[in-house]
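Each value in this text was obtained by applying a stated rule to the coordinates, not by laboratory testing. In this text, all values refer to a predicted model and were calculated from it rather than measured experimentally. Here the Cβ is made from the backbone with ideal geometry for all residues, glycine too, and neighbour counts use every protein chain on show.
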Amino acid sequence: MIPAIEIDNLYFKYNGQKDYILKGINLSVKQGEILAIVGLSGNGKSTLCYTLNGIIPNTFKGDFHGSVKILGNNVKDTDRAELATIVGVVFQDPDTQLFSPTVEDEIAFGPENLCVSREEIGQRIEEVLKLIDMERYRYENPNNLSGGEKQLIALGAVLSLEPDILVFDEAMAQIDEKGKGKIKNVIKKLKEDGKTIVMIEHDFNNLDIVDRIVLLKDGKIQEFKGEL
Amino acid sequence: MIQDKSLDPRTKLIIVISISSLSVFIQDLRYLIIILAIAILVSKILGSEIFTVLKKLRRMLGVFIAMIIVQSLFIKGGNPLIMIGKFTLLTDIGIFRASEFLLRISIILVSATILMTSTSREILQGLVEWKIPYEIAFMVSVAIRFLPLLGEELQDTLTAIQLRGIDMDKLSIKEKIKLYSHIFTPVVAGAIVKSQRLSIAMECRGFRAYNKRTSYIKLKMNTKDYLISTASIITSIFIAYIYLT
């Protein structure tokens, strides 16, 4: 079985920066695995996350060497529409991921962009809302929800694209314990469905659901020994 | 009362465009008062929360008053009402024009509240079905969504400054201007970071992946929509005709 993610000798530095932020990353993630990447702020966790869905090097330009393969597709050569259906990313701040007036519109946004039929979008909305247990909020304005609920909607909006791989870029950093519990439950369900999950984290309390932990330090992936 | 949800957003857009166009075209106080009354009536019939919206805009009142004063001061025709020496400060035409401006702004604001009875997604879809590019319509709706957040951020920064012991009321105008120049830098920088994050989130969800897109929302103009749209246009043309003759 091909790995879900295969990163080979990846180097990257942003335009205008002196030093490389990623200095020879080698990483392989099995399909259906939950991997946590931990590390201190500024060590390139989010940069690594952007390389997984092609934001780097396709949107953020810089010096990019090495290869990032997602289910065998090199992100550099894969078009955005295809990547969006392979890798979904949930970011830290729910407020900058939600821009629609209702939860339903928010979840429909991604499939609409990918020209999914109206009937199929309706079906996906129902399935996603059921999975994240937010059916009762279908016609609510996301602005009126709590932080945890907003993050669930952001996750739902990503799930409606039916990606095989999900990346959580410190997605639980701004939410309370109750919200974290809800998101972890959804992550467990997603693993049961065979999804591959990468959690970029700095809070060890969120790592109880992961299969493997690696440390990103000084631009390289290292073995995690319990300390950052 | 007409249930707002039963009207197509395009019908509401036609009503708003008709009323707003009249307010811009007509330069007669009596007509403008009638149009304002019509705008209030239509807004109420369509169930818009007109007074709640206007209450929220009361902070803008100072700006409107300042604009009215400036406008009345710079129009020099007509009979002078207030003079300082040989210098005419205020004329009757100045007051007339300022009142016209106030009425015009009120009509546009009141009629715009009609659009608030639909969600921004519905309005956006209405515009898209009128062949306005989705990206442009979407940009406008996102700007409307994020503008209040910018205001909140500005307020948060001000509060943070006040918590550090700076009493805004005791500052001179010069000091206030200096302070605001310090506030705007982090607020603008924050807005840029937020917009960048937003665009990344949108790209990750396939925004502009293809030249076209589908829509989950389906709009349908029914007989009532056609009747109201036609009535709006005919009434506007009729008022304009009476005004011109």
Just to be sure I understand: with springs between alpha-carbon atoms less than 10 Å apart, which residue in A:Val186, A:Val158, A:Val103 has the highest mean-square fluctuation in the Gaussian network model of chain A? A:Val186
Relative contact order of segment A:5-223: what whole-number percent is it, with Cα pairs under 8 angstrom and at least 6 residues apart? 31
Alpha-carbon centroids, segment A:135-162 and segment B:183-238: separation in whole Å: 19
Taking 0.36 nm per intervening residue step and subtracting the Cα-Cα distance, what contour gain separates A:Val214 from A:Lys18 on full extension? 68.0 nm
Here the FRET efficiency for B:Thr230 versus B:Phe96, based on Cβ atoms and R0 = 51 Å and rounded to 0.05, is 0.90
Want the number for B:Met60 to B:Asn211: 0.36 nm per residue separation, take away the alpha-carbon distance, what's left? 50.4 nm
Sticking with the crude label model, points 7 Å out along Cα→Cβ, report the distance from A:Lys178 to B:Thr159 in nm, one decimal please. 2.1
Considering the dipole of chain A built from charges on the beta carbon (Lys and Arg +1, Asp and Glu -1) around the Cα centre, which of A:Val75, A:Tyr20, A:Ile153 is farthest to its positive end? A:Tyr20
Once you put a point 7 Å from the Cα of A:Glu192 and another 7 Å from the Cα of A:Glu120, both along the Cβ direction, what distance in nm separates them? 2.7
Treating only Lys and Arg (+1) and Asp and Glu (-1) as charged, each at its beta carbon, one finds that chain B has a dipole about its Cα centre, in Debye to the nearest 20, of 340
Using Cα springs under 10 Å in a Gaussian network model of chain B, which residue among B:Ile35, B:Ile45, B:Ile65 shows the largest mean-square fluctuation? B:Ile65
Which of the listed residues, A:Ile56, A:Gln123, A:Val89, is farthest toward the dipole's positive end in segment A:5-223, when Lys, Arg count +1 and Asp, Glu count -1 at the beta-carbon? A:Ile56
Taking only the alpha carbons of chain B, the radius of gyration and the largest Cα-Cα distance, Dmax, both in angstrom, are 22.7, 68
Determine the dipole magnitude for the protein assembly as shown: charges of +1 sit on the beta-carbon of Lys and Arg, -1 on that of Asp and Glu, nothing else is charged, the reference point is the Cα centre, and the result goes in debye to the nearest 20. 1480
For B:Glu49, A:Glu104, what ranking results if the residue with the fewest other Cβ atoms within 10 Å of its Cβ goes first? B:Glu49, A:Glu104
